[in-house]
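Readers should treat all values here as calculations from the given coordinates under stated rules, not as data from a laboratory. Quick caveat: nothing in here was measured; it's all calculated off a predicted structure. So basically every Cβ, Gly included, is an ideal-geometry build from the backbone, and we count neighbours across all protein chains shown.
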Ligand SMILES: Nc1ncnc2c1ncn2[C@@H]1O[C@H](COP(=O)(O)OP(=O)(O)OP(=O)(O)O)[C@@H](O)[C@H]1O
Ligand SMILES: [Mg+2]
């Protein structure tokens, strides 16, 4: 059998914030085309891992390898340009813009034309702007929120704002999509719909997905492989069936519930 190409790899990735080691020597590898899950109790370091991959946080040590090359030192826009995109745990859409405008901004983040041409107002720019609107509408429809195109983001129902967040992320045409708790705050029905949607996007757009999620049903249904973080360190890696029945994993989660109650 042919070995799957590894699109993303972290090697002993570590970050310290003062005295706290938020992520401690985490190594993981993500095969191209897969859906990889990252789970773990609150404060485990999951979001911080995404922040390091996308250049929002600088690692203290370790490596991030994308398509075989180190990407440490690149800025957030360069990260977007090489094909990595993410959503945020706390929705970051621009609430005073329409859904369509939110997606257009994202499309233009990875510019289809030169800034020089834009300054001159060349006809090609006007055509590209029209194309961007059409593309943006296409992304909204893909997420099932086409009817909200001209609604202000702030006036969309919460679940649809989460979908808009994903539409924005795919509008930069990524190869690797990092989703930070896309199902947060959703009910069971919405979770099921979102699960189908993520799978569909992966197929249509030829994506590799890394998914942070607390809804176990979503994780177990979607993921090919799961990494479990606890207190910044890697606790386990395995297939959903292995992780689901792992005593240490269950203990980490039960511990979290006890702390919360
Ligand atoms: N920029 C920062 N400065 C200082 N501490 C931080 C920073 N970012 C994260 N932390 C701390 O690092 C730890 C890991 O946080 P992180 O947000 O990665 O956890 P998480 O696994 O995403 O948790 P949750 O499930 O609650 O989203 C936490 O203790 C958090 O307070
Ligand atoms: Mg988080």
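In the range 52-103, how does Rg compare with the Kirkwood Rh, expressed as the Rg/Rh ratio over alpha carbon atoms? Could you put the intermediate results ahead of the total?
Working: Rg = 13.8 Å, Rh = 12.9 Å.
Reported Rg/Rh, Kirkwood definition of Rh: 1.07.
Net length available on complete extension from residue 105 to residue 63 is 12.1 nm, with 0.36 nm assigned per residue and the Cα-Cα distance removed. Rounded to the nearest 10 degrees, the inclination of helix 188-205 to the longest alpha-carbon principal axis of the chain is 60 degrees. Cβ crowding within 10 Å ranks 193, 181 as 193, 181, fewest other Cβ atoms first.
Multiplying the residue separation of residue 56 and residue 4 by 0.36 nm and removing their Cα-Cα distance gives an extension gain of 15.9 nm.
Report summary: the helix-based calculation at 222 nm, which adds -39500 (n - 2.57) for every DSSP H run with n ≥ 4 and divides by the residues of the chain, gives -12500 deg cm²/dmol. Can you give the % of DSSP beta bridges in the chain that are antiparallel, to the nearest 5? About 55 percent, rounded to the nearest 5.
Which value, in Å³ per residue, describes the convex hull spanned by the Cα atoms of the range 1-111?
About 145 Å³ per residue, rounded to a whole number.
I'd like the orientation of helix 99-109 relative to the chain: the angle between its Cα long axis and the longest Cα principal axis, in ° from 0 to 90, rounded to 10. Taking Cα atoms only, the helix is inclined about 90 degrees.
The share of alpha-carbon pairs in the chain lying farther apart than 27 Å comes to 40%. So what's the angle, to the nearest 10 degrees on a 0 to 90 scale, between helix 123-142 and the longest Cα principal axis of the chain? Helix 123-142 and the main axis of the chain meet at about 40 degrees.
Could you rank the peptides 25-36, 65-76 by their average count of other C-beta atoms within 10 Å per residue, with the highest value first?
Values: 25-36: 18.7, 65-76: 13.6.
Highest-to-lowest ranking by the protection proxy: 25-36, 65-76.
Each part reduced to its alpha carbon centroid, the range 34-69 and the range 195-252 end up 14 Å apart.
Over the chain, Cα pairs under 8 Å with separation of 6+ residues give a relative contact order of 26 percent. Site pair residue 231 and residue 42 shows an inter-label distance of 1.8 nm when each label is modelled 7 Å from Cα along Cα→Cβ.
Estimated at 0.36 nm per residue, the fully extended path between residue 77 and residue 197 surpasses their Cα-Cα distance by 40.6 nm.
Where does each of 162, 92 land when they are ranked from fewest to most other beta-carbon atoms within 10 angstrom? Walk me through the numbers before you get to the answer.
Values: 162 24, 92 13.
Lowest count first: 92, 162.
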